[in-house]
Amino acid sequence: MEQIQRSNWKFNMILLGMVLLLIVSIIYSITLGSADISMKDVYQILFAKITGNTALLEGFEKGWIDIVWLIRLPRILLAVFAGIALSLSGAVMQAIVNNPLADPYILGISSGASLGATLAILLGVGISFGPNYVGISAFIGALSVSFLVLLFGSSSSRADVSRLLLVGIALSSLCSAISSIIVFAANNRNGMMTLNFWLLGSLSAANWQIVKILAPIVIVISIFFCFQSRILNLMLVGDEAAVTLGQENHIYRIVYIILAAILIGFIVYACGIIGFVGLVVPHIARLLVGVNHKRMIPITILFGGLFLLWADILSRMIIKGVEIPIGVIVSIVGAPFFLYLVIQNSGERRQ
């Protein structure tokens, strides 16, 4: 009983600490940028915009107001929501295939979303879907690759790790190759720049329209998965054991894949490909609070937003006056971390 109370106290403290750290990081990051605007002015502009008190904006240059309200704040919110979506989808994919090496980027799902977006932008595929056809096409690409990875990467009734990774790498390369062919065939200079945007990942396209589309999707799906801890935990014990406990995982697995693909599709549409977030963050969350998804999912959500927010801050601070693509920053951290996990898992299998 005492051990359970101590565990609950630790989780509550970590959760509270994450919430406070995320709030402080958002408040601090708004003051950062190439424009020389004082901290006091930044907060006064924000307060005036949020409360609708336009009288407080008198004396401010319109350029300053636009920088704070139309550039900095949407970018910060996009970083937080993108981090949440990527981390959550990574945690869900790892539960689905019961392996900590699973990740939307490594399994090729992000490349599938990128291919869908490339087809939409350069060839007009899916334009009949309406003004958000690029995001819908990216979602369809992500969903298609998700099912292909599980279809070809599964051996009998469970996912085989080595086959899963190989199929993911193969599909990722195939999607990237097709995207490149489309760009060269279109002979479109803007298309080439767009492809680089998808490949490197960037938050520079952030605006309120994207945030308003992305925020409700991420919030609703995050809340949904916070109440799916029992099913996610049962997926870790395997389908056969789950059946003996009266639980059939097949339908849930399909639903979870669709929801993860929705998250990845819209994140690729807004930010391009940002890899390894879904690999690194859930693993750190497990180290902090254990494998129980009831605790791991909320920590993953909070830490994911915090992780990508600080990655964006670093991308703008490492070289003064130059913005390094955020995908590059995350890959510098994520690639060595992935190698560490591969070596660790190999060592555990040998034992």
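Starting from residues that are of a type outside the set (G, A, S) and modelled with pLDDT under 80, keep the ones in the range 122-136 and report whichever is surrounded by the fewest Cβ atoms within 10 Å (Cβ to Cβ).
P131
Looking only at the range 175-233, count how many residues are open to solvent by 60 Å² or more (accessible area, probe 1.4 Å), under 24 Å from V277 (Cβ atoms) and modelled with pLDDT under 85.
Residues flagged as open to solvent by 60 Å² or more (accessible area, probe 1.4 Å), under 24 Å from V277 (Cβ atoms) and modelled with pLDDT under 85 within the range 175-233 amount to 5.
Quick grid of which residues meet (1) more than 25 Å from I313 (Cα to Cα); (2) without any contact (Cβ under 8 Å) to a residue 40 or more places away in the chain:
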{"site": "K40", "(1), (2)": "no, yes"}
{"site": "L86", "(1), (2)": "no, no"}
{"site": "M93", "(1), (2)": "yes, no"}
{"site": "S114", "(1), (2)": "no, no"}
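Scanning the range 83-110 for residues that are at pLDDT 85 or above, in contact with a Leu (Cβ under 7 Å, 6 or more places away or on another chain) and not aliphatic (A, V, I, L, M), which turns out farthest from V167 (Cα to Cα)?
The qualifying residue farthest from V167 (Cα to Cα) is G83.
Just to be sure before I move on: is P298 modelled with pLDDT of 95 or more and part of a helix (DSSP H, G or I) in the structure I sent?
When the stated conditions are applied, P298 passes them.
Which of the residues that make up the range 198-218 are assigned to a helix (DSSP H, G or I) and in contact (Cβ under 8 Å) with a residue 12 or more places away in the chain?
Across the range 198-218, the qualifying residues are W198, L199, L200, W208, I210, V211, I213, L214, A215, I217, V218.
Does any residue in the range 158-174 that is outside any helix (DSSP H, G or I) come within less than 6 Å, Cβ to Cβ, of a residue that is at pLDDT 65 or above six or more places away or on a different chain, and which pairs are these?
A159/V97; A159/G153
What's the number of the condition R286 fails, among (1) assigned to a helix (DSSP H, G or I); (2) in contact (Cβ under 8 Å) with a residue 12 or more places away in the chain; (3) under 30 Å from I121 (Cβ atoms)?
(3)
Just checking, how many residues over the range 39-73 are farther than 21 Å from S204 by Cβ and aromatic (F, W, Y)?
3
Looking for something open to solvent by less than 60 Å² (accessible area, probe 1.4 Å), modelled with pLDDT under 85 and more than 21 Å from M317 (Cα to Cα) - is there at least one such residue anywhere in the range 18-37?
no
Return the residue satisfying two criteria in turn: it lies in the range 234-257 and is part of a helix (DSSP H, G or I) and open to solvent by 70 Å² or more (accessible area, probe 1.4 Å), and of such residues it is modelled with the highest pLDDT. Show your work before the answer.
As a first pass, look at the range 234-257 and keep what is part of a helix (DSSP H, G or I): 234-236, 239-244, 250-257.
With the extra rule that they be open to solvent by 70 Å² or more (accessible area, probe 1.4 Å), the set shrinks to 240, 243-244, 250-252.
Working: E240: 63, V243: 62, T244: 66, H250: 75, I251: 81, Y252: 86.
So the residue we want is Y252.
Of the residues in the range 283-309, how many are under 19 Å from the mean Cα position of the chain (by Cα) and surrounded by fewer than 18 Cβ atoms within 10 Å (Cβ to Cβ)?
Result for the range 283-309: 1.
Between a first residue in the range 21-38 that is under 18 Å from L203 (Cβ atoms) and a second residue that is open to solvent by 90 Å² or more (accessible area, probe 1.4 Å) and not aliphatic (A, V, I, L, M), which pairs have beta carbons less than 9 Å apart while being 6 or more apart in sequence or on different chains?
Cβ pairs passing all conditions: S25/W310; S29/W310; S34/K320.
The values are calculated or read from the model by the stated rules, or taken from the named source; none is laboratory data. Just so it is clear, the model here is predicted, and its values are computed rather than measured. Here Cβ is always computed from backbone atoms with ideal geometry, including for glycine, and neighbour counts include all displayed protein chains. These accessible areas exclude ligands, DNA and RNA; they are computed on the full protein's heavy atoms, side chains included. Shrake-Rupley method; radii C 1.70, N 1.55, O 1.52, S 1.80 Å.
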